[in-house]
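Step one of this worksheet: look at the structure below.
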Amino acid sequence: MIVVTGATGNVGRPLVRALVEAGEQVTAVSRRISARDVPEGTRHHPADLTEPERLAPALDGAKALFVLTSGDFMAAGGDLGPLLDVVRGSGVRRVVLLSSQGVGTGAHPSFLEDAVKASGLEWTMLRPGGFHSNALQWADMIRTRREVAAPFGDVALPTVDPVDIAEVAAVALREPGHDGEVYELTGPAPVSPRQQTAAIGDAVGEAVRFVELSRAEARERMLGFMPEPVVESTLDMLGAPPAALRRVSPDVEDVLGRPARAFADWAGRNVSAFA
C-alpha cells in the first residue's frame, strides 16, 4: 500500500490515479477529502501534516509515502521531524519528497530534503521547476477579456506538466532503483509567457492578447496576495533566471521512457479552464 499526501492537488490527484491504474492499493490523504475526490474504491483519510499523529492510521501497512508539504505546513515552521518519526514507527520504508528546483540552485532552503536524508528511510527527491498549471492564474482574464497581463513576456523557462511529476513519483514509489536519487523535473523546452499565451489561444480557438507588465506594475499586483520579500525574489527569478533554471533536464524522459509533455499539450487538456 502507498500513501499519498496532498492527494487533491495538481500533483497528488494524478498521482493517486496513476498508482490505482498500476494496480496499487492507495490511501489518499488531504486535510479535506471525501470519496468524491478519489477513484472508486480508493481509501481516503483526512489529515494535516502539522498534526502528524493523525496520519498514523493511514500509514498502517504502507510500504511507501509521498510527501507534499502545504503552505500552511511551511508557515508553521516546516519541521518534518515529527512526521518522519511517525513514518519510521509505522514501518514505512520509502519516502518520495516533492521538493523544488530552487533547492538545487540555492534559491530555496534545503531543510526539508535534509530531514528526509537524515531519517534513515529510503528516499527520492523530486525537484520540479515551475508548473505548466501556474498559467491557471490567467484563467479569469482569458475567459473574460481574451487577454494575459504578465511581466517578462519573452523570458522562457522549461515549465513542467504536473502529470509528468506525478508519473515520475509513481515510478519512484513503486519500483526499485530510485533510492538516493534526486530528479530535476522540467518540460521539454523553455517557454515564455508570450508563447504560453499563444498556446492557450490555439487551444481555445481564439486569439489571446499578451500585455506585458512592467516590473513595478507586476509588483503592485503581487503585493495583494504575497509578502513583499517573496514578491521581490519571485520577480528577480522570473526576470533574470540563472542558467540552471533555464536548463532542460532529461530526468522525466530518463525515468518514464518518453519525452516530457509540452505546455501546448497541457493547454489542450485544460482548455475548459480558459474557454
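Specify which of the listed residues (G23, G12) is more than 19 Å from the chain's Cα centre (by Cα) and among the small types (G, A, S).
Result of the check over G23, G12: G23.
What is the number of the single condition among (1) exposed (fewer than 14 other Cβ atoms within 10 Å of the Cβ); (2) under 17 Å from A47 (Cβ atoms); (3) not acidic (D, E) that G106 does not meet?
Just one mismatch for G106, condition (2).
Yes or no: segment 80-96 includes at least one residue that is within 17 Å of G9 (Cα to Cα) and open to solvent by 60 Å² or more (accessible area, probe 1.4 Å).
Taking every residue of segment 80-96 in turn, none turns out to be within 17 Å of G9 (Cα to Cα) and open to solvent by 60 Å² or more (accessible area, probe 1.4 Å).
Would you pick out the residues in segment 133-147 that are among the basic types (K, R) and part of a helix (DSSP H, G or I)?
Residues satisfying the conditions are R143, R145.
Given the conditions (1) small (G, A, S); (2) out of contact with any Asp or Glu (no Cβ under 8 Å at 6 or more places or on another chain); (3) open to solvent by 10 Å² or more (accessible area, probe 1.4 Å), and given that A115 satisfies all but one, which numbered condition is not satisfied?
(2)
How many of the residues making up segment 230-267 are closer than 30 Å to E206 by Cβ, under 19 Å from the mean Cα position of the chain (by Cα) and part of a helix (DSSP H, G or I)?
The total comes to 7.
Any residue in segment 161-178 that's within 12 Å of V95 (Cα to Cα) and in a helix (DSSP H, G or I): show its pairings with residues that are modelled with pLDDT of 95 or more and of a type outside the set (A, V, I, L, M, F, W, C) at Cβ separation under 6 Å, as long as the two are six or more apart or on different chains.
A172/T124; A172/H178
If only one of A107, A115 is of a type in the set (A, V, I, L, M, F, W, C), modelled with pLDDT under 95 and either over 13 Å from V182 (Cα atoms) or part of a loop (DSSP other than H, G, I, E, B) (or both), which one is it?
Exactly one residue qualifies, and that residue is A107.
Among the listed residues V271, V252, V204, V211, identify the single one that is hydrophobic (A, V, I, L, M, F, W, C), more than 16 Å from Q101 (Cα to Cα) and touching a strand residue (DSSP E or B) at 6+ places or on another chain (Cβ under 7 Å).
Selected residue: V211, the only one of V271, V252, V204, V211 that is hydrophobic (A, V, I, L, M, F, W, C), more than 16 Å from Q101 (Cα to Cα) and touching a strand residue (DSSP E or B) at 6+ places or on another chain (Cβ under 7 Å).
If V29 passes every condition in (1) open to solvent by 20 Å² or more (accessible area, probe 1.4 Å); (2) among the hydrophobic types (A, V, I, L, M, F, W, C); (3) within 18 Å of S90 (Cβ to Cβ) but one, which one does it miss?
(1)
Return the residues of segment 255-275 that are free of Cβ contacts under 8 Å to residues at least 24 places away in the same chain and of a type in the set (D, E, K, R); say none if nothing qualifies.
Hits for segment 255-275 are R258, R269.
When you scan segment 256-265, do you find a residue that is open to solvent by less than 70 Å² (accessible area, probe 1.4 Å), under 25 Å from V182 (Cα atoms) and among the basic types (K, R), even just one?
Checking segment 256-265: at least one residue is open to solvent by less than 70 Å² (accessible area, probe 1.4 Å), under 25 Å from V182 (Cα atoms) and among the basic types (K, R).
When you look at E212, is it in a loop (DSSP other than H, G, I, E, B) and open to solvent by 70 Å² or more (accessible area, probe 1.4 Å), yes or no?
no
Filter segment 141-188 for residues that are under 20 Å from P259 (Cα atoms) and polar (S, T, N, Q); which is least open to solvent (accessible area, probe 1.4 Å)?
Here the answer is T186.
Residue check: is S70 among the polar types (S, T, N, Q) and either open to solvent by 40 Å² or more (accessible area, probe 1.4 Å) or free of Cβ contacts under 8 Å to residues at least 40 places away in the same chain (or both)?
Answer is no for this residue.
The values are calculated or read from the model by the stated rules, or taken from the named source; none is laboratory data. Here the structure is a predicted model, which is why all the values come from computation and not from measurement. Cβ atoms come from the backbone with ideal geometry, glycine included; neighbour counts cover every protein chain shown. Quick note on the areas: whole protein, heavy atoms, side chains included, nothing else; ligands and nucleic acids left out. Shrake-Rupley method; radii C 1.70, N 1.55, O 1.52, S 1.80 Å.
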